[in-house]
Amino acid sequence: MEDLSLHILDVVENSITAGANRIEIRILEDLKNDIFSVEIKDNGKGMNEDILKNVTDPFCTTRTTRRVGLGLSFLSQSAKEAGGDLTVASKEGEGTVVYACFKHSHIDRKPLGNIVDTLITLIAGSPDIDFFYEHRRNGNIYSLDTKEIKAELEGIPLNSPAVIKIIREDIKNGLKDLS
Ligand SMILES: Nc1ncnc2c1ncn2[C@@H]1O[C@H](COP(=O)(O)OP(=O)(O)OP(=O)(O)O)[C@@H](O)[C@H]1O
Ligand SMILES: [Mg+2]
């Protein structure tokens with residue numbers, strides 16, 4: 001996978017499959033401590049101990065269409081290649097937290113890539129799920145919560161083209177202001 005936004009899309013797909021109705025994505029860029037981290041938290045069905053223990057092993061999957069699950073093992077590999085690591089915490093019936101950290105300046109740290117498209121794909125594709133996105137860079141912070149947006153829309157669908165356009169602009173401008 002070329003960039004981290006595609007890893008994020010992949011990991012969030014797991015949360016959607018797990019039946020989550022709220023998914024929180026947090027990105028932290030701490031240049032002083034040379035850290036880039038991504039946290040994805042969901043309130044889906046969680047994992048049992050056996051799956052959790054092996055989840056970064058490419059042969060661990062509950063999918064039935066193929067024998068290997070690649071999402072988390074790929075991300076784990078990408079984190080390790082960039083001086084970081086992946087940790088997964090999960091509780092059955094409560095949800096899952098996936099945390100990946102990287103050395104920000106590491107030559108093999110993949111770029112974030114097109115996070116705007118990733119978020120729009122998720123929001124437009126699963127409008128019934130509440131998505132929270134937070135991006136911190138040093139002291140600055142951008143955040144978006146589709147639950148709050150929905151409350152203001154008074155019945156207009158979140159995935160209507162006009163609303164999606166506004167959300168896209170908001171993310172784009174918010175992230176521009178961070179840098
Ligand atoms: N957020 C989550 N909630 C519940 N279970 C999860 C979650 N993320 C991963 N899992 C479990 O861990 C397994 C491995 O996940 P992983 O993303 O690595 O592979 P996969 O989703 O099975 O296959 P792929 O990502 O290649 O399509 C999944 O099959 C699922 O059982
Ligand atoms: Mg997966």
Item to check | Scope the range 125-141; condition under 17 Å from Gly19 (Cα atoms) and surrounded by fewer than 18 Cβ atoms within 10 Å (Cβ to Cβ); matching residues | outcome: Gly125, Pro127, Asp128, Phe132
Next on the checklist: When you scan the range 64-72, do you find a residue that is in a helix (DSSP H, G or I) and under 23 Å from Asn21 (Cα atoms), even just one?
Outcome noted: yes
Checklist entry - Can you tell which of Leu112, Leu153 is within 18 Å of Lys172 (Cβ to Cβ) and either of a type outside the set (Phe, Trp, Tyr) or in contact (Cβ under 8 Å) with a residue 12 or more places away in the chain (or both)? => result Leu112
Checklist entry - All but one of (1) of a type outside the set (A, V, I, L, M, F, W, C); (2) touching a residue at least 40 places away in the same chain (Cβ under 8 Å); (3) buried (at least 17 other Cβ atoms within 10 Å of the Cβ) hold for Asp30; which doesn't? => result (3)
Checklist outcome for this item: Among the residues of the range 52-70, the number that are polar (S, T, N, Q), surrounded by 13 or more Cβ atoms within 10 Å (Cβ to Cβ) and near ligand 1 (Cβ under 8 Å from one of its atoms) is 2
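Okay, residues lined up against (1) within 17 Å of the chain's Cα centre (by Cα); (2) farther than 15 Å from Asn14 by Cβ; (3) free of Cβ contacts under 8 Å to residues at least 12 places away in the same chain:
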{"residue": "Gly46", "(1), (2), (3)": "yes, no, no"}
{"residue": "Arg63", "(1), (2), (3)": "no, no, yes"}
{"residue": "Arg67", "(1), (2), (3)": "no, yes, yes"}
{"residue": "Leu70", "(1), (2), (3)": "yes, no, no"}
{"residue": "Gln77", "(1), (2), (3)": "yes, yes, yes"}
{"residue": "Val88", "(1), (2), (3)": "yes, no, no"}
{"residue": "Gly95", "(1), (2), (3)": "yes, no, no"}
{"residue": "Phe102", "(1), (2), (3)": "yes, yes, no"}
{"residue": "His106", "(1), (2), (3)": "no, yes, no"}
Checklist entry - When you scan the range 53-95, how many residues do you find that are within 16 Å of ligand 2 (Cβ to nearest atom), more than 21 Å from Ile115 (Cα to Cα) and at pLDDT 95 or above? => result 3
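The values are calculated or read from the model by the stated rules, or taken from the named source; none is laboratory data. Please read all numbers here as calculations on a predicted model, not as lab measurements. Please note: Cβ atoms are built from the backbone with ideal geometry, for glycine as well, and neighbour counts cover all protein chains shown.
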